Each structure stands twice: as C-alpha cells, then as structure tokens.
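The values are calculated or read from the model by the stated rules, or taken from the named source; none is laboratory data. For clarity, every value in this text was computed on a predicted model and none was experimentally measured. Reconstructed Cβ throughout: ideal geometry from the backbone, glycine too, with neighbour counts over all protein chains shown.
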Amino acid sequence: MREKIVVMGGSFNPPTIAHQRLMLGAVETLGAARGIFVPSSHAYVSAKMRRDKHRNEVLSEEARLRMLLAMAADDPRLEVEDCEFHRAERSYTYESMEAVQEKYPEAELRQNPFLSGHLDRFSMIEAPAGLEGVSSSAVREKLREGLPGAEAMLHPAAWAILQEYAGAYKMKIEMFRGE
C-alpha cells in the first residue's frame, strides 16, 4: 500500500493555528503518514498583498519558513517543503505537487500534472471546531489596528519568531495610521 500525504499550500503570512489544526485534522482523518506545508514564494505573496492594498504587510520567506518549521516541530508527521521559493517564474499547484511526488515517489499523490483529471484523489473534510475567525488576514488586521488577540491565533513559537520581525513589520504597518 502506498503512503498517503496531505499537502497544504498557501501564503502563510503568517502561519496560524488554523493552518496547523486543519493540517493535523486532514492527516488524522485521511490516515496520512505526513502533512506537508508548501509556502508560496515571496513574489506571489507580495503581489497578493499589493492587490489587497497591504503591500507592506509581507513577511519574508525566511520568516514564514521559520514560523512554519517551528509549528511543524510539534508533530513528527508535519513537514515544510519550500520548493516554490526556488522558482524564478510563477508557481502552479501541479508543479508543487510534482515536486512533492518526486521527493516522495512512494506516496499516493497523483500521477498526472493535471489536477482536474484526479478529482477522485481529493477529499473534503470538516474543519476542526474553534477556528472561526482565525486567519492570517485577521492576524495582520489586529496588528495593523493595534488590537489584542493576534497572539492567540498563532502557535507560541511562531508568535515568538514574529516578534523578532515585529520592529520592521509594525513600522511598515504604522504608515497606514493617522493622515
């Protein structure tokens, strides 16, 4: 029998407890051997935040990677794959899935680069309770507005790492206050 792997891609700007709990829920529900976070490239996250009019709220690849690694350290089934960081051009989901498949050839992921041809390989699972309102956007908004509650949305180690970057991050966000 082939090993099952759950792959979760995203900006993780910053990674939250919702990301961790969703991943662990998927791993457990599907009986997967591992869960792999695949963070988007800095270029993608920067462009996304520029479109959302929050271009100064982008954590570096290093910061997002360190936070994900710290969060993944809680469970030996969790890993981080930074394959999208190393692409000069735009990344596509099927390319990331191919990179994971190459790294784990024994894994049950997919055999064809066209995701739509393998819908039978995708599962819908219920989100764990208690994650309502927890998101990277909500964390950034709380930090931007100076509201409490951002820390509770992050893994303690991720929060500690975010604090290392907080000087530059908060300074950039402060530009939106006042006039």
- Item | From V38, V27, V45, V6, residue being in contact with an Asp or Glu (Cβ under 6 Å, 6 or more places away or on another chain), farther than 19 Å from Q163 by Cα and among the aliphatic types (A, V, I, L, M) | V38
- Item | Residues satisfying the stated conditions in the range 120-146, i.e. more than 22 Å from E28 (Cβ to Cβ) and either basic (K, R) or modelled with pLDDT under 85 (or both) | R140, K142, R144
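Listed here are the residues, each with its yes/no results for (1) exposed (fewer than 15 other Cβ atoms within 10 Å of the Cβ); (2) among the hydrophobic types (A, V, I, L, M, F, W, C).
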position	(1), (2)
G25	no, no
T29	yes, no
A33	no, yes
I36	no, yes
S41	no, no
V45	no, yes
D52	yes, no
E57	no, no
S60	yes, no
- Which condition number in (1) crowded, with 18+ Cβ neighbours inside 10 Å; (2) of a type outside the set (D, E); (3) touching a Gly at 6+ places or on another chain (Cβ under 8 Å); (4) farther than 16 Å from T16 by Cβ is the one that M97 fails? (3)
- Query: Does the range 44-60 contain any residue that is closer than 29 Å to E106 by Cβ and not charged (D, E, K, R)?
  - Reply: no
- Search the range 19-40 for residues being modelled with pLDDT under 95 and of a type in the set (G, A, S), and hand back the single one that is farthest from R66 (Cα to Cα). G31
- State all residues of the range 88-119 that are aromatic (F, W, Y) and modelled with pLDDT of 70 or more; if no residue qualifies, say none. Y92, Y94, Y104
- Query: Among the residues of the range 65-77 satisfying the criterion of being within 12 Å of the chain's Cα centre (by Cα) and closer than 17 Å to R21 by Cα, which is surrounded by the fewest Cβ atoms within 10 Å (Cβ to Cβ)?
  - Reply: L69
- May I ask you to list the residues in the range 24-57 that are within 18 Å of W159 (Cβ to Cβ) and not aromatic (F, W, Y)? P39, E57
- Note on the structure: Sole miss for H86 among (1) farther than 26 Å from P128 by Cα; (2) buried (at least 19 other Cβ atoms within 10 Å of the Cβ) is condition (2)
- Task: Among the residues of the range 5-39, write down those that are of a type in the set (S, T, Y) and within 19 Å of A138 (Cα to Cα).
- Result: S11, T16
- Note on the structure: Flagged pairs (Cβ under 7 angstrom, 6 or more apart or on separate chains; first in the range 44-71, in contact (Cβ under 8 Å) with a residue 60 or more places away in the chain; second surrounded by fewer than 19 Cβ atoms within 10 Å (Cβ to Cβ) and assigned to a loop (DSSP other than H, G, I, E, B)) are N56/M175
